[in-house]
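Working notes, structure below.
What follows draws every value from the coordinates through simple rules; no lab data is involved. These numbers come from a predicted model, not from an experiment. As a convention, Cβ positions derive from the backbone with ideal geometry for all residues, glycine included, and neighbour counts pool all protein chains shown.
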Amino acid sequence: MDHHYDVLIVGSGHGGSMAASTLRQHGFNGTVAIVSYEDSIPYQRPPLSKGYLAGTIDLGQMLILPESFWADQRIALVLGRRVDVVDVESKRVVTHEGEEISYGTLVWAAGSRPRLLDCPGQELSGVHVIRTLSDADRLKSDVARASKVVLVGAGYVGLETAAVLRKLNKQVTILETMDRVLARVSAAPMSRFFEDEHRAQGADVRLESEVVGFEGSGGHLRAAHLSSGEVLPCEVVVVGAGSIPSGEPLIQAGAASDRGVLVDGYCRTSLPDVFAIGDCAVAPNEYADGRAVRLESVQNAVDQGIGVARLLAGAEHLSPAVPTFWSDQYDIRLRTVGLSQGHDTTVVRGDPESRSFSVIYMRSGAVVAIDSVNAMKDFAQGKALVRSRAEIEVGRLADPSLPFSELGHRAAVKR
Ligand SMILES: Cc1cc2nc3c(=O)[nH]c(=O)nc-3n(C[C@H](O)[C@H](O)[C@H](O)COP(=O)(O)OP(=O)(O)OC[C@H]3O[C@@H](n4cnc5c(N)ncnc54)[C@H](O)[C@@H]3O)c2cc1C
């Protein structure tokens, strides 16, 4: 046996880092370690497709906590190690590198990884995904030599990357198999707004377009082949085709799963003394009417990390915060509050042409989510509407001259 920790955290993203730091904040005095296959001390992932890729911020500005924090707080960082096996009987994990680490409590915060395409040519140099610092570094170095870039998938990460590359003056083509961008996460008016913006910034946005393979020469990417038969010459491709939760070692150890590791309202898995948090966890969420959902956001990873640490340190359980998300593209600040899945009505508030507006999502007459573009007031004041599932007449919601805070409303849920 190499080591023992009272709390062993797998994953150095927002979830794992916040779990560790919150333990100390609440006076937990036992031994704590974070093991992660990444080599870098914990950093924030969102800038990878924004300022870090653009070269406007560096790693030092992306650290989740100052470099000295970890040693000061006696939190061991076991970096460059991948956990392959979890043995719940003997309460230990085994790393790919051959170490065994035993635990009192295991917090699985392994996040997710990019979904790859099922088509030939993915191994060519020049074909990228963007999840880690080293992914972003490789992409930056290839982009510096490239003039034509193809983005496969028009989700948040793909569109943010496209925005940065346009600013760097690259010729950018965005390919999306669906008939609109952000189709999985936003309503049609929001999709149309982002399509128009990217086109206005000079990107070639192609909807209902599917990549079937990549062509190379000497191991380097030369072109992307589309199902239409068209061949798009390019030196760099960035695939943003969604993500896969990284829960396999837990699931192989017997953890209940359903599109991720299933947990209860306290992030407890079905295994004894094992928690799962962040992108890899599927948790009941009261903002989804109690359904179990897997969320991919900093807010969710942070809050679940804090929640588990408070439980382990004996602090009071906090009621779940309203889900939030953000995306920055060009000078557009998109802020999202709530969960829009299952909505039956959308209301557009303000004129998208003004580049400041919101889309409100309603379910059974109640506000369940709001997407705001360059409308910070709607985002800030809209949280209360989502929290209470406010029931407000559609015409009043649609009127941007009526601040959300002044809309008298009936709360369907008191939180
Ligand atoms: C490019 C990009 C842009 C984003 N932009 C935004 C944004 O603007 N707003 C927002 O809210 N969210 C954004 N997200 C999503 C957000 O970053 C994630 O939801 C968040 O990082 C999840 O945190 P996490 O701790 O669950 O997992 P992660 O941050 O993914 O961390 C998982 C950690 O686990 C480690 N790991 C995985 N498997 C193992 C293993 N077997 N053994 C050891 N270590 C392992 C990895 O090394 C990693 O350190 C973005 C994500 C990406 C990739």
Exercise. Hey, what's the Cα Rg ratio for the stretch 1-120 versus the globular rule of thumb, 2.2 N^0.38 Å?
Worked result: 1.15
Exercise. At what distance in nm do the modelled label points of residue 87 and residue 222 sit from each other, each positioned 7 Å from its Cα along Cα→Cβ?
Worked result: 5.2 nm
Seminar exercise, completed: In terms of the charge dipole of the stretch 37-164, which places +1 on Lys and Arg and -1 on Asp and Glu at the beta carbon, the residue among 162, 79, 134 farthest towards the positive end is 162
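In debye to the nearest 20, how big a dipole does the chain give about its Cα centre with +1 on each Lys and Arg Cβ and -1 on each Asp and Glu Cβ? Please list the in-between numbers first.
Working: 42 positive and 51 negative charges, 177 e Å.
Magnitude of the dipole: close to 860 debye.
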Seminar exercise, completed: Sorted by chain and then number, the residues having a modelled amide H within less than 5 Å of the amide H of residue 64, at least 5 places away or on another chain, are 43, 44
Exercise. Simple spin-label model, 7 Å along Cα-to-Cβ: residue 344 to residue 31 in nm?
Worked result: 5.6 nm
Exercise. Per 10 Å bin, what percent of the C-alpha pairs of the stretch 291-415 does each bin hold, from zero upward?
Worked result: 13, 41, 31, 12, 2, 0
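In what sequence do 22, 161, 324 fall when counting other Cβ within 10 Å, fewest first?
Working: 22 20, 161 27, 324 17.
So the residues, fewest neighbours to most, are 324, 22, 161.
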For this session: Pick out, from 198, 261, 239, the residue whose Cα sits farthest towards the positive end of the charge dipole of the stretch 191-276, with +1 on the Cβ of Lys and Arg and -1 on the Cβ of Asp and Glu.
Result: 261
Exercise. Cα-based Rg (one decimal) and Dmax (whole number) for the chain, in Å?
Worked result: 22.2, 66
For this session: For the stretch 300-310, take each phi angle, set θ = phi - 60°, evaluate the Karplus expression 6.51 cos²θ - 1.76 cosθ + 1.60, and give the result in whole Hz per residue in order, putting x for glycine and proline.
Result: 5, 5, 4, 5, 5, x, 5, x, 5, 5, 4
Problem set entry | Sparse-neighbour loop sites [trypsin sites (Lys or Arg not before Pro); the stretch 110-168; at most 15 other C-beta within 10 Å; DSSP] | 115
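So, with +1 on the Cβ of K and R and -1 on the Cβ of D and E, and no other charges, what is the size of the charge dipole of the stretch 104-222 about its Cα centre, to the nearest 20 debye?
Values: 16 positive and 15 negative charges, 69 e Å.
Here the stretch 104-222 has a charge dipole of around 340 debye.
Let me know the charge dipole size of the stretch 40-182 about its Cα centre in debye, to the nearest 20, where only the beta-carbon of Lys, Arg (+1) and Asp, Glu (-1) is charged. Spell out each step's value before the answer.
On the way: 18 positive and 17 negative charges, 124 e Å.
So the magnitude is around 600 debye.
Please identify every one of the chymotrypsin sites (Phe, Trp or Tyr not before Pro) in the stretch 189-277 that sits in a loop by DSSP and has no more than 13 other beta carbons within 10 Å of its own beta carbon. Don't skip to the answer; put the middle values down first.
On the way: sites: 193, 194, 214, 266, 275; in loops: 266.
Those that pass, being in a loop and sparsely packed, are 266.
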For this session: Work out the FRET efficiency for residue 291 and residue 398 from their Cβ-Cβ distance, taking R0 = 30 Å, and round it to the nearest 0.05.
Result: 0.60
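Once Rh is set to the Kirkwood radius over Cα pairs, what Stokes-Einstein translational diffusion coefficient, in µm²/s, holds for the stretch 139-296 at a temperature of 10 °C and a viscosity of 1.306 mPa s? Don't jump to the answer; show the numbers that get you there.
Numbers: Rh = 17.8 Å.
Reported coefficient: 89 µm²/s.
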For this session: At a temperature of 10 °C and a viscosity of 1.306 mPa s, determine how fast the stretch 241-299 diffuses translationally according to Stokes-Einstein, using the Kirkwood radius over alpha-carbon pairs as Rh; express D in µm²/s, rounded to the nearest whole number.
Result: 138 µm²/s
Problem set entry | Inter-site label distance for residue 119 and residue 147 at 7 Å from Cα along Cβ, in nm | 2.4 nm
Problem set entry | 222 nm mean residue ellipticity, helices alone, for the chain (DSSP H n ≥ 4; -39,500 (n - 2.57); rounded to 500) | -7000 deg cm²/dmol
Exercise. If amide H atoms are built 1.01 Å from N in the plane of the peptide, which residues on other chains or at least 5 residues away come under 5 Å of the amide H of residue 295?
Worked result: 283
Problem set entry | the stretch 142-205-the stretch 232-268 distance, computed between alpha-carbon centres (Å) | 24 Å
